[in-house]
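To keep things clear, I will list the structure first and then write my remarks on it.
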Amino acid sequence: MNPDMDHSTLLRGLLVGRGVAALATLHDGRPFASMVPFAATIVGGRLRLVVHVSGLASHTRDMRANPEVCLLITAAESGGMPPQALPRVSIPAVAEFVPADAPEHAALKAAYLEKFPEAEPLFGFADFAVVALTPTAARFVAGFARAVTLSAEALPAALANAGDAT
């Protein structure tokens, strides 16, 4: 990512262009981080970050026990850029397990499969679930001395005009 891009372009690049994030949960009362593929979409005017998780995973059990989570999305490392200057966004969110018969399930599944079409067979496994992470805010760092806290209401604009988000 180009550090000279404007904030909205950088943030959109993270939300739409990156496919993997660190998911922080509470595991037995202690912080725990895991890697999850994610997709971003707008449903009902709200930014929803979609993950598709197995019931066998620790983070799935953690989210069921305590739905307050945090997702960290970072730009790819770049040869000439110090790691501390990488654009990144930390998004505290509430995890909601979305049953297959819920009205928004189809849109969330479609957003996930648009980004990860190879995951289609996993939707046939009974122990997998769609989880919508609804942001409560975001801390966006666009580089050195370029940090801002965003409200949950401001986040949908980050996907405006993004080709892969709906």
Enumerated strands (runs of 3 or more DSSP E) restricted to the stretch 55-166, each holding at least 2 residues that are acidic (D, E): none
Members of the stretch 61-90 that are of a type in the set (A, V, I, L, M) and either in contact with a Cys (Cβ under 7 Å, 6 or more places away or on another chain) or surrounded by 21 or more Cβ atoms within 10 Å (Cβ to Cβ) (or both): M63, V69, L71, I73, A75, V89
Count - residues of the stretch 9-60 that are surrounded by 15 or more Cβ atoms within 10 Å (Cβ to Cβ), in contact (Cβ under 8 Å) with a residue 40 or more places away in the chain and of a type in the set (S, T, Y): 3
Test result for P99, at pLDDT 95 or above, surrounded by fewer than 14 Cβ atoms within 10 Å (Cβ to Cβ) and within 26 Å of F123 (Cβ to Cβ): yes
Residue list for the stretch 87-113, restricted to those being of a type in the set (D, E) and closer than 26 Å to A137 by Cβ: E96, E104
When residues of the stretch 138-159 are limited to those that are touching a helix residue (DSSP H, G or I) at 6+ places or on another chain (Cβ under 8 Å) and surrounded by fewer than 16 Cβ atoms within 10 Å (Cβ to Cβ), the one modelled with the highest pLDDT: V148
Selection within the stretch 3-50 - part of a strand (DSSP E or B), within 24 Å of A106 (Cβ to Cβ) and not aliphatic (A, V, I, L, M): P37, T41, R46, R48
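This table checks each residue for (1) closer than 15 Å to F38 by Cβ; (2) touching a residue at least 40 places away in the same chain (Cβ under 8 Å).
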site: R64; (1), (2): no, no
site: A100; (1), (2): no, no
site: Y112; (1), (2): yes, yes
site: F125; (1), (2): no, yes
site: A154; (1), (2): no, no
Complete set of residues in the stretch 119-137 that are within 24 Å of H7 (Cα to Cα) and in contact with a helix residue (DSSP H, G or I) (Cβ under 7 Å, 6 or more places away or on another chain): P135, T136, A137
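The values are calculated or read from the model by the stated rules, or taken from the named source; none is laboratory data. None of these values were measured; they are calculated from a predicted model. Every residue, glycine among them, receives a Cβ derived from its backbone with ideal geometry; neighbour counts consider all protein chains shown.
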